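Below you'll find the structure, written out as structure tokens, and then a few comments.
The values are calculated or read from the model by the stated rules, or taken from the named source; none is laboratory data. Everything quoted here is computed from the prediction, not taken from an experiment. Cβ atoms come from the backbone with ideal geometry, glycine included; neighbour counts cover every protein chain shown. With ligands, DNA and RNA removed, areas are computed over all heavy atoms of the protein, side chains included. Shrake-Rupley method; radii C 1.70, N 1.55, O 1.52, S 1.80 Å.
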Amino acid sequence: MSLAVSGLTFNAVELISLSGKRIDLSNSLLSADYFEDILSPCVTMVLNVTTTNGIYNGLPIRGGEKVVMDITTATGNFVLDGDYGLYVYKVGEYASNGTKESFNLYLVSREGLTNETARVEIPFDKKPINEHVKKILDEVLVTKKYVDSNIERTSNSYSFIGNNKKPFHVLTWLGPKGIPSSGGSGADGQRAKGVAGFLFYETKDGFNFKSIDTLVSATKSGNANSSLITFTYNNVIEHDSAASQYNILDYSLEKNVDLMKALRVGTYANKTYFYDLYENRVRILEYFLKNEIRSKLGQEDNLVIPLGFDKSYSRILVRTADRGVLDPSSVSGDSGRDVADMAKSFSRYNILFTQSLNMAVPCNVNLRAGGVINAQFPKIAAATNTSTVDLEQSGKYLIKELRHHFEGNNMVTSLKLVRDSYGLY
């Protein structure tokens, strides 16, 4: 068995009560599962505990307790401590037979709990959206769990009112309105230009606000110190081989292109009617994704869109200008939104999830949601030789979700991978 699958040591797993009492769970922990998702604003974790010490009622555990840990794996230490420690929000599956008890501790980052009590109340002046993201993180969620390079600058500015929404709601709501600096924006005559769409999510390294284009063009696996990793499907896994940690243990295709859905949401081509009440004027903006998308995970020269649907509008949107709402100096001033950001963003979001597959690899704590990996799959053939690489299915994939499963002799990282186009070369 691969060392990456079997090598595990719980160096320290401590539960800290609300009164400050510390309980060592390292000898009571059967397994642990850690989760990240680019569509989730916070990380979560589940600990499966079995103990004879009567911790549940003896401590007691009632929610809000902090958990810190240091776990050694074959690919490095998995450490959650200090501001990155997690907090108990639920205890489930409790069972006791009089001599021992077992239960699951459900954990979330501190900001996940703060989000339930905090509200975004103030108005935000017209500034780049990334500045609003930092302000909400700093002043509403009261966290410094991010680095500036992970809060990507938008090329457009935007003003809005918080309306007492929860911070995570506002941060994810801002994503579709963001225009990446490299994506272009605005309109050329009656043609909407560029792409839009950001994602707000948390990883083990902290919070991120990044454009889809930046994510898919990455040359890293998510961790700033790790280069792009290549995983290869192989039926044979050698115990002492360092290369075995990059083997694909299992994989299955979850979703391929859904043409009907893509047409219903206007992924490939759409039209926006933009009505300006101040000037009493209607602008008609056409948007063709094939002409605007620049960064792709696959190596196709162009997106493959069947039957000429890339030139046929499959969705029509109607928007009105928001002049005078937030600009006290002039009724002609607007919030700064791109006139066709909705059309651009839902096209980009939907094409990202064209392909989706599930894959299991030996535990690798250097992977992050939002990172990019290479995956090489065998070409299906009548012969028994599986060494030929499938040049269509193989290639770069974005990690949408990951789960690290920590358990003796069963250390696995499960990945949900997505990409927007086909091709390895």
Query raised in the report: How far apart, in nm, are two points set 7 Å out from the Cα along the Cα-to-Cβ line at residue 142 and at residue 314?
Result: 4.8 nm
**Report entry** Cα-based shape type of the chain, given that a ≥ b ≥ c are square roots of the gyration tensor eigenvalues and the cut on a/c is 1.5
**Finding:** oblate
Query raised in the report: How many lysine pairs does the stretch 13-132 hold where the Cα atoms are under 24 Å apart and the two sit 8 or more places apart or on different chains?
Result: 6
Query raised in the report: If we count every other residue with Cβ under 12 angstrom of residue 112's Cβ, Lys/Arg +1 and Asp/Glu -1, where does the sum land?
Result: +1
Query raised in the report: Residue separation times 0.36 nm, minus the C-alpha to C-alpha distance between residue 252 and residue 169: what's the value?
Result: 26.6 nm
Query - Cβ-derived FRET efficiency at R0 30 Å, residue 121 paired with residue 181, nearest 0.05 - result: 0.50
Query raised in the report: What net charge do the residues around residue 341 carry, taking every other residue with its C-beta under 11 Å from that of residue 341, with Lys and Arg at +1 and Asp and Glu at -1?
Result: +4
Query raised in the report: In straight Cα distance, which lysines are under 18 Å from residue 165, not counting same-chain residues fewer than 8 positions off?
Result: 134, 135, 177
Query - Accessible-area order (highest first, 1.4 angstrom probe) of the listed residues 342, 69 - result: 342, 69
Query raised in the report: What does the charge dipole of the chain about its Cα centre add up to, to the nearest 20 debye, if the Cβ of each Lys and Arg holds +1 and the Cβ of each Asp and Glu holds -1?
Result: 1060 debye
Query raised in the report: Which value in nm describes the separation of the simple spin-label points at residue 62 and residue 89, placed 7 Å from the Cα toward the beta carbon?
Result: 2.0 nm
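Compute the signed sum of charges (Lys and Arg +1, Asp and Glu -1) over the other residues within less than 15 Å, Cβ to Cβ, of residue 411.
-2
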Report summary line: Computed over the chain: longest principal axis from alpha-carbon atoms vs helix 341-352 long axis, angle to nearest 10 degrees, is 40 degrees
Query - Accessible surface of the chain [probe 1.4 Å, protein heavy atoms]: carbon and sulfur percent - result: 48 percent
Report task. With a/c under 1.5 counting as rounded, go ahead and sort the stretch 1-73 into rounded, prolate or oblate using the C-alpha gyration tensor (a ≥ b ≥ c being the square roots of the eigenvalues; past the cut-off, prolate if a/b is larger than b/c, else oblate). Result -> oblate
Query raised in the report: Taking the Cα-to-Cβ direction at residue 97 and at residue 149 and moving 7 Å from each Cα, how far apart do the two end points lie in nm?
Result: 5.2 nm
